[in-house]
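So the structure is just underneath, and the comments pick up after that.
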Amino acid sequence: MDAKQGVLFRVLSWLKSSPKPLAHLKHPDLYELSDEGLAKDLRIREEAARLGALKLPAADEKNLSAIESQVYHRIEKARLDFVDWASNRILVLNENMSRLDVAPTVSRARQADQEFQRKCSTVLDDEASALRVKWDSVQSAKTEMDDFKQKHALAREPRFPRGASYFFCISFLIFMIAAEGVANAYFFAEGSSLGLVGGFISAGGAAALNVCFSAMVGRFILPFAWYRNALIRVVMIPVLLISLTVMGCIGLMISHYREALVLDADTPGQLALQTFIRSTFDLQDMTSWALYGVSLLFAIFALFDGLKLNDPYPFYGAHQKRLDKAIKVYECLALDLRDELEGLKDEALNELKRDVEHVRSIITRQLSQVEKKTEGQARLTTALANAEHCMGFLLALFRQENAAERQGHPVPSTFSYLPTLTSLTLPDFAIASDRNYIEAQERLVAELEERLQSIRAAIQAAYNREYDRLNPLMQQLGGTAKAPIVEVA
């Protein structure tokens, strides 16, 4: 029963034990030879004492004993394992080294300026036609503007509100509608059943009509009073007089409407129209005349505000706006193209910087591989020397213990020398050739670093050359542009 338990225990121990990794068989660090460990593993002392007591091996024995042969073969196997490990290690390091080559990156970095030039030329060639079309639009609008100025003897630049000024003019019109509505609400309140609120509602509509019509007269009709074409001016002056008369009539109509409200007529609008036609200037009280004065005042303000919405000379502002729009479209396209060139330049410089950092890191990794080779070679040498020393220690231990147990009986002649180990062909770590290779690689990197400044300068010069194909047009545009714009040469 005890024997069965012992067998079962050994089987369970074997199942629970983890298998030794394959690297353990090939890596000297993982199965470093130990004098005492091997002595215990091979039972050197026990076998030496047992055989010595039996006076074995015999004094005339010419061959190694069984235990000595085990020591010898164990050491030989370890030495072969060490050489196999070194060979595998060299293969791995050589493969790593073969992937570390600065030449492709150095070649690309040295041609960075040419690649940048090619990309810029491609971009400009692709966008040149669109840019020329927009520039033709600018030139056409500029020609029309020059012809118009010459035809109408205009020496000054157009004057009309832009941006915030235009917004202010429109806001002023809205303000006048509200202000006139508030001012007139007092006059309308007397005849409205809703009081001041009802008066404001009625006055608001009248104020909007008065201000909007007057602004339109100032915007579209008044400028023709000084138009250069005599025929058009003769036609438009009566229209202007009629429009001014209508402005005055609107004010009177508002006053008549107020008096119809005071009379509490069922249809105040109809009554106001009848009294306006029958007796236009016959207002019943001073309040109505005051209302007329307020309406006329706001109409005059709106007239001149409408005039300022555009250049006072007819069609002059429209020509300038067409030119400004053509310039803006062209300018946006040209500036986008310039930004794209700048982006390509920054990308080229950043890529050049990354390439330099990359080749430097490659050199560092190459040196690391050589250091690992040097370390591996030293470890192989140390492991082989340690194996030979271990064999000498184990054989000496066996022979000393064996001789002591013989109690003066002679020992075999084989105890006086150590067996010769097999001559091994050691793998070549090729450290010298790797160092030569790294020196050549370092020369390539050094040449690149020497040319680095000139490459950057070449990229900048290429950018300048391409940018010179985009020339500022401020002078060509006669100062009409509001920001720098560019032209394709």
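The values are calculated or read from the model by the stated rules, or taken from the named source; none is laboratory data. This one's a predicted model, so the numbers in the text were calculated from it and none came from an experiment. Positions of Cβ are generated from backbone atoms using ideal geometry, with glycine treated the same way; all protein chains shown enter the neighbour counts.
Against the condition under 24 Å from ALA208 (Cα atoms) and of a type in the set (Gly, Ala, Ser), how does SER279 come out, does it pass? Here the answer is no, as SER279 does not meet what is asked.
Candidates in the range 427-436 are the residues that are in contact with a helix residue (DSSP H, G or I) (Cβ under 8 Å, 6 or more places away or on another chain) and more than 13 Å from ARG365 (Cα to Cα); of these, the one that is surrounded by the most Cβ atoms within 10 Å (Cβ to Cβ) is PHE429.
Scanning the range 275-287 for residues that are without any contact (Cβ under 8 Å) to a residue 60 or more places away in the chain, surrounded by 14 or more Cβ atoms within 10 Å (Cβ to Cβ) and not in a loop (DSSP other than H, G, I, E, B) returns THR275, PHE276. The number of residues in the range 288-321 that are surrounded by fewer than 17 Cβ atoms within 10 Å (Cβ to Cβ) and either charged (D, E, K, R) or closer than 22 Å to SER140 by Cβ (or both) comes to 3. The single condition among (1) surrounded by fewer than 18 Cβ atoms within 10 Å (Cβ to Cβ); (2) over 30 Å from ALA385 (Cα atoms) that ASN94 does not satisfy is (2). It is to be established whether one or more residues within the range 435-457 are of a type in the set (S, T, N, Q), modelled with pLDDT of 90 or more and over 30 Å from GLN369 (Cα atoms). There is at least one residue in the range 435-457 that is of a type in the set (S, T, N, Q), modelled with pLDDT of 90 or more and over 30 Å from GLN369 (Cα atoms). Taken across the range 447-456, residues that are in the same structural domain as ASN350 (by TED's automatic domain parsing), of a type in the set (D, E, K, R), part of a helix (DSSP H, G or I) and in contact with a Gly (Cβ under 7 Å, 6 or more places away or on another chain) do not occur at all. All of ASP60, ASP81 fail the test of being assigned to a loop (DSSP other than H, G, I, E, B) and surrounded by fewer than 19 Cβ atoms within 10 Å (Cβ to Cβ), apart from ASP60. Contact map, the range 153-171: residues that are within 15 Å of LEU307 (Cβ to Cβ) and in contact (Cβ under 8 Å) with a residue 12 or more places away in the chain paired with residues that are outside any loop (DSSP other than H, G, I, E, B) and among the polar types (S, T, N, Q), Cβ distance under 8 Å, separation 6+ or inter-chain. Pairs shown: PRO158/GLN320; PHE160/GLN320.
If I ask for residues that are small (Gly, Ala, Ser), buried (at least 20 other Cβ atoms within 10 Å of the Cβ) and either under 60 Å from the mean Cα position of the chain (by Cα) or not in a helix (DSSP H, G or I) (or both), which ones from the range 221-265 would you list? Those that are small (Gly, Ala, Ser), buried (at least 20 other Cβ atoms within 10 Å of the Cβ) and either under 60 Å from the mean Cα position of the chain (by Cα) or not in a helix (DSSP H, G or I) (or both): none in the range 221-265. Among the residues of the range 350-362, none qualifies, meaning not one is within 17 Å of ILE431 (Cβ to Cβ), exposed (fewer than 15 other Cβ atoms within 10 Å of the Cβ) and over 17 Å from the mean Cα position of the chain (by Cα).
Residues of the range 345-381 that are without any contact (Cβ under 8 Å) to a residue 24 or more places away in the chain and of a type in the set (Val, Ile, Thr): THR364, THR381.
Answer yes or no as to whether TYR330 is touching a Ser or Thr at 6+ places or on another chain (Cβ under 9 Å) and of a type in the set (Phe, Trp, Tyr). Spelling it out, TYR330 is indeed touching a Ser or Thr at 6+ places or on another chain (Cβ under 9 Å) and of a type in the set (Phe, Trp, Tyr). Being within 29 Å of PHE429 (Cα to Cα), surrounded by fewer than 18 Cβ atoms within 10 Å (Cβ to Cβ) and at pLDDT 90 or above is the requirement here; does ASN88 meet it? It is true that ASN88 is within 29 Å of PHE429 (Cα to Cα), surrounded by fewer than 18 Cβ atoms within 10 Å (Cβ to Cβ) and at pLDDT 90 or above.
Quick check: is even one residue across the range 142-153 in a loop (DSSP other than H, G, I, E, B) and more than 43 Å from the chain's Cα centre (by Cα)? Among the residues of the range 142-153, at least one is in a loop (DSSP other than H, G, I, E, B) and more than 43 Å from the chain's Cα centre (by Cα), which makes the answer yes. In the range 384-396 there is no residue that is surrounded by fewer than 16 Cβ atoms within 10 Å (Cβ to Cβ), more than 33 Å from the chain's Cα centre (by Cα) and not in a helix (DSSP H, G or I).
Residue pairs whose Cβ atoms lie under 8 Å apart, separated by 6 or more positions or on different chains, with the first residue in the range 440-455 and touching a residue at least 24 places away in the same chain (Cβ under 8 Å) and the second outside any helix (DSSP H, G or I) and surrounded by fewer than 18 Cβ atoms within 10 Å (Cβ to Cβ), are GLN441/ASP101.
Taking GLN117, is it in a helix (DSSP H, G or I) and assigned by TED's automatic domain parsing to the domain that holds LEU394? It is false that GLN117 is in a helix (DSSP H, G or I) and assigned by TED's automatic domain parsing to the domain that holds LEU394. Annotation note: Cβ proximity below 7 Å between a residue of the range 74-90 that is farther than 17 Å from THR382 by Cβ and a residue that is buried (at least 16 other Cβ atoms within 10 Å of the Cβ) and among the charged types (D, E, K, R) (sequence gap 6+ or interchain) occurs for ASN88/LYS26. Being of a type outside the set (Lys, Arg), modelled with pLDDT of 90 or more and within 24 Å of PHE315 (Cβ to Cβ) is a property that ASP146 has.
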